[in-house]
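S.K.: Let me give you the structure first, and then I'll get to my questions.
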């Protein structure tokens, strides 16, 4: 296992300026967990652990039910790899079917220490969360004979396994998973958007900005290069076993990401954010929870090199872990 190397703050500041034009086009954090690069890196890592036959079966399932060409895509196409291209489809599809919005995350309060299959139900009303969505889409993929159902279920799985490894998709502090925590990032102060949200915010920085900063600092041009860099520094196992993603299994995965949210994402901030009252009611906007967005804006949070050097190893570990687990899921479905 390669040792993590701290990124020199001056080097990061010099190189990150070139990346800001890209970062600023990445859109709302609500729309892109791990962003285009992160989700695709997860798939590229998983592909390294699958046999040619399994990969062929995965691709055949996607080709049999192609993505609607009229669907507006946020990320650029990956024409040479339908698996990587499909990894961000679930975010685009939310514009078509808003009922899938809640499938991307689970709002476990930051105050909750352990997420278990039993208490997971409290934070997953009617099964509309990422934990239940992974289990449900695996069932659809492996039991349906309808090629469209199978193709879409596979695309959801490619995306959701990545989603639930992002700590702020499994942790919230009464702030929509950090979406309502404005932060200054590399000297860019937060601004309020017309919809009332703030940018940059803590969630968006974890989704996309820090990945882009890391890639720029290391000279990585795309998601394939990011995946290669991760597995070079942190080698993959020689093989993985098939694993069916039951609710219990997936809740365990979510617990790992939630632990990072509790112990790293919030506590390492320059200005400690107190625990907000735990609530099972999701926030509709940053004006909810006693105008949490404005209250967090007053904290004047800054994401600096110290914070990034604590976060980068966790981001890399979570992307790698998501890739390994996705390979196990695909092997169970197609192996």
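S.K.: Give the residue, chosen from 16, 43, that is within 23 Å of the chain's Cα centre (by Cα), surrounded by 13 or more Cβ atoms within 10 Å (Cβ to Cβ) and either over 23 Å from residue 211 (Cα atoms) or modelled with pLDDT under 95 (or both).
M.R.: Going through 16, 43 in turn, just one is within 23 Å of the chain's Cα centre (by Cα), surrounded by 13 or more Cβ atoms within 10 Å (Cβ to Cβ) and either over 23 Å from residue 211 (Cα atoms) or modelled with pLDDT under 95 (or both): 16.
S.K.: If residue 205 satisfies every condition in (1) touching a residue at least 40 places away in the same chain (Cβ under 8 Å); (2) over 16 Å from the mean Cα position of the chain (by Cα) but one, which is the exception?
M.R.: Single failed check for residue 205: (2).
S.K.: Within the bounds of region 314-332, is there any residue that is crowded, with 18+ Cβ neighbours inside 10 Å, part of a helix (DSSP H, G or I) and touching a strand residue (DSSP E or B) at 6+ places or on another chain (Cβ under 6 Å)?
M.R.: No, the conditions are met nowhere in region 314-332.
S.K.: When you scan region 304-311, do you find a residue that is surrounded by fewer than 17 Cβ atoms within 10 Å (Cβ to Cβ), under 20 Å from the mean Cα position of the chain (by Cα) and touching a residue at least 24 places away in the same chain (Cβ under 8 Å), even just one?
M.R.: Checking region 304-311: at least one residue is surrounded by fewer than 17 Cβ atoms within 10 Å (Cβ to Cβ), under 20 Å from the mean Cα position of the chain (by Cα) and touching a residue at least 24 places away in the same chain (Cβ under 8 Å).
For every residue, the table says whether it meets (1) surrounded by fewer than 20 Cβ atoms within 10 Å (Cβ to Cβ); (2) in a loop (DSSP other than H, G, I, E, B).
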{"residue": "177", "(1), (2)": "no, yes"}
{"residue": "194", "(1), (2)": "yes, yes"}
{"residue": "228", "(1), (2)": "yes, no"}
{"residue": "250", "(1), (2)": "no, no"}
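Residues are listed down the side, and each one gets a yes or a no for (1) free of Cβ contacts under 8 Å to residues at least 60 places away in the same chain; (2) surrounded by 12 or more Cβ atoms within 10 Å (Cβ to Cβ); (3) closer than 18 Å to residue 326 by Cβ:
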position: 53; (1), (2), (3): yes, no, yes
position: 62; (1), (2), (3): no, yes, yes
position: 74; (1), (2), (3): yes, yes, no
position: 84; (1), (2), (3): no, yes, yes
position: 98; (1), (2), (3): yes, no, no
position: 104; (1), (2), (3): no, yes, yes
position: 112; (1), (2), (3): no, yes, no
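Residue-by-condition table, conditions (1) part of a loop (DSSP other than H, G, I, E, B); (2) in contact (Cβ under 8 Å) with a residue 40 or more places away in the chain; (3) buried (at least 22 other Cβ atoms within 10 Å of the Cβ); (4) under 17 Å from the mean Cα position of the chain (by Cα):
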{"residue": "116", "(1), (2), (3), (4)": "yes, yes, no, no"}
{"residue": "122", "(1), (2), (3), (4)": "no, yes, no, no"}
{"residue": "131", "(1), (2), (3), (4)": "no, yes, yes, yes"}
{"residue": "136", "(1), (2), (3), (4)": "no, no, no, no"}
{"residue": "142", "(1), (2), (3), (4)": "no, yes, no, no"}
{"residue": "145", "(1), (2), (3), (4)": "yes, no, no, no"}
{"residue": "150", "(1), (2), (3), (4)": "no, yes, no, no"}
{"residue": "156", "(1), (2), (3), (4)": "no, yes, yes, yes"}
{"residue": "160", "(1), (2), (3), (4)": "no, yes, yes, yes"}
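S.K.: Among the residues of region 158-174, is any modelled with pLDDT under 95 and under 24 Å from residue 39 (Cα atoms)?
M.R.: no
S.K.: Can you confirm whether residue 247 is in contact with a helix residue (DSSP H, G or I) (Cβ under 9 Å, 6 or more places away or on another chain) and over 26 Å from residue 128 (Cα atoms)?
M.R.: Numbers: in contact with a helix residue (DSSP H, G or I) (Cβ under 9 Å, 6 or more places away or on another chain): yes; over 26 Å from residue 128 (Cα atoms): no.
Judged against the criteria, residue 247 is not a match.
S.K.: While we're here: Would you mind stating whether residue 53 is part of a helix (DSSP H, G or I) and either farther than 26 Å from residue 208 by Cβ or in contact with a helix residue (DSSP H, G or I) (Cβ under 9 Å, 6 or more places away or on another chain) (or both)? Before you say what the answer is, go through the steps one by one.
M.R.: Working: part of a helix (DSSP H, G or I): yes; either farther than 26 Å from residue 208 by Cβ or in contact with a helix residue (DSSP H, G or I) (Cβ under 9 Å, 6 or more places away or on another chain) (or both): yes.
So residue 53 fits the description; yes.
S.K.: Being in a helix (DSSP H, G or I) and in contact (Cβ under 8 Å) with a residue 12 or more places away in the chain is the filter here, so list the residues in region 270-303 that pass it.
M.R.: Hits for region 270-303 are 289, 292, 293, 296, 297.
S.K.: Is there a residue being buried (at least 21 other Cβ atoms within 10 Å of the Cβ), over 14 Å from the mean Cα position of the chain (by Cα), under 25 Å from residue 232 (Cβ atoms) and modelled with pLDDT of 95 or more anywhere in region 29-38?
M.R.: no
S.K.: Which condition number in (1) in contact (Cβ under 8 Å) with a residue 40 or more places away in the chain; (2) part of a loop (DSSP other than H, G, I, E, B); (3) out of contact with any helix residue (DSSP H, G or I) (no Cβ under 7 Å at 6 or more places or on another chain) is the one that residue 238 fails?
M.R.: (1)
The values are calculated or read from the model by the stated rules, or taken from the named source; none is laboratory data. As the structure is a computational prediction, the values presented were derived from the model and not from experiment. Please note: Cβ atoms are built from the backbone with ideal geometry, for glycine as well, and neighbour counts cover all protein chains shown.
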